[in-house]
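One structure is given below, encoded as structure tokens.
The values are calculated or read from the model by the stated rules, or taken from the named source; none is laboratory data. The structure presented is a predicted model; accordingly, all values stated were derived computationally and were not measured. Because the Cβ atoms are built from the backbone with ideal geometry, glycine has one as well, and the counts that use them run over all protein chains shown. Side chains are part of the model used for accessible areas, which takes the heavy atoms of the whole protein and leaves out ligands, DNA and RNA. Shrake-Rupley method; radii C 1.70, N 1.55, O 1.52, S 1.80 Å.
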Amino acid sequence: MCLPCMGLDVGRAGREQPGRLHSPAPSPTLGHLLTCSEDCTVVVDASAGCGGVFPCSINIAITGATEADWDFVSIWRVVNRNAPLAGLSDPTNNRITELSGPLAYNTTRASSTGMFLIRFNSDGSSTADGWAASWRALPPPPGTKFCTNRTLTAAAGTVEDGSGSLPYGNR
């Protein structure tokens, strides 16, 4: 029986709570067994953990197993919050990695949007244990400069130091 691509625990990753996502269908190891042909994409919005400051860093970890050379888990940059799938048309610049077989991947990447995308492709010819992904938005390092020089031309408006909900750094 094929199940749609779904995570039982998908959501925004705040500063204290990492996000989690996993492949469909039950298994004793990761809780999932890949059993059918799939092509699904999940957009992950971790921007709540960025404190309103971009670019921010997001740590992403993927574990488990897919059928080597036939089933793939890939991670993609989301460069446009209003069109998160647009980056799929440019794998050269937007695909961070593509994984297959035994999975033990961990990376920290800068994100201009606080979002990334996980894509899972399976040909359905064989089964494997499945995969699990977790992520956490990381606050900027101490001393990060938030305030940038700029020229405002509007007749009225407001301006802030740029630190969002984070404390600004001293010189």
Open item on the list: Of everything in region 39-51, what is buried (at least 17 other Cβ atoms within 10 Å of the Cβ) and of a type in the set (Asp, Glu)? Give them in sequence order.
Closed with: Asp45
Task: Enumeration of residues in region 101-124 that are crowded, with 16+ Cβ neighbours inside 10 Å, of a type outside the set (Gly, Ala, Ser) and assigned to a loop (DSSP other than H, G, I, E, B) - done: Thr113
Task: Complete set of residues in region 46-73 that are more than 17 Å from Asn106 (Cα to Cα) and modelled with pLDDT of 85 or more - done: Glu67, Ala68, Asp69, Trp70, Asp71
- [ ] Answer yes if at least one residue in region 90-100 is open to solvent by 50 Å² or more (accessible area, probe 1.4 Å), closer than 21 Å to Pro139 by Cα and among the basic types (Lys, Arg), and no otherwise.
- [x] no
- [ ] For region 98-115, indicate whether the set of residues that are closer than 16 Å to Asp39 by Cβ and either modelled with pLDDT under 90 or of a type outside the set (D, E, K, R) (or both) is non-empty.
- [x] yes
TODO: Tell me which residues, restricted to region 134-159, are over 30 Å from Ser74 (Cβ atoms) and either at pLDDT 75 or above or outside any loop (DSSP other than H, G, I, E, B) (or both).
DONE: Thr151, Leu152, Thr153, Ala154, Ala155, Ala156, Gly157, Thr158, Val159
Task: Given (1) under 20 Å from Ala137 (Cα atoms); (2) assigned to a strand (DSSP E or B), index of the condition Phe54 fails - done: (2)
- [ ] Exactly one condition in (1) farther than 16 Å from Glu38 by Cα; (2) assigned to a strand (DSSP E or B) is not met by Trp131; state its number.
- [x] (1)
TODO: For residues that are open to solvent by 10 Å² or more (accessible area, probe 1.4 Å) and among the small types (Gly, Ala, Ser), scanning just region 52-76, find the one that is nearest to Ala132 (Cα to Cα).
DONE: Gly64
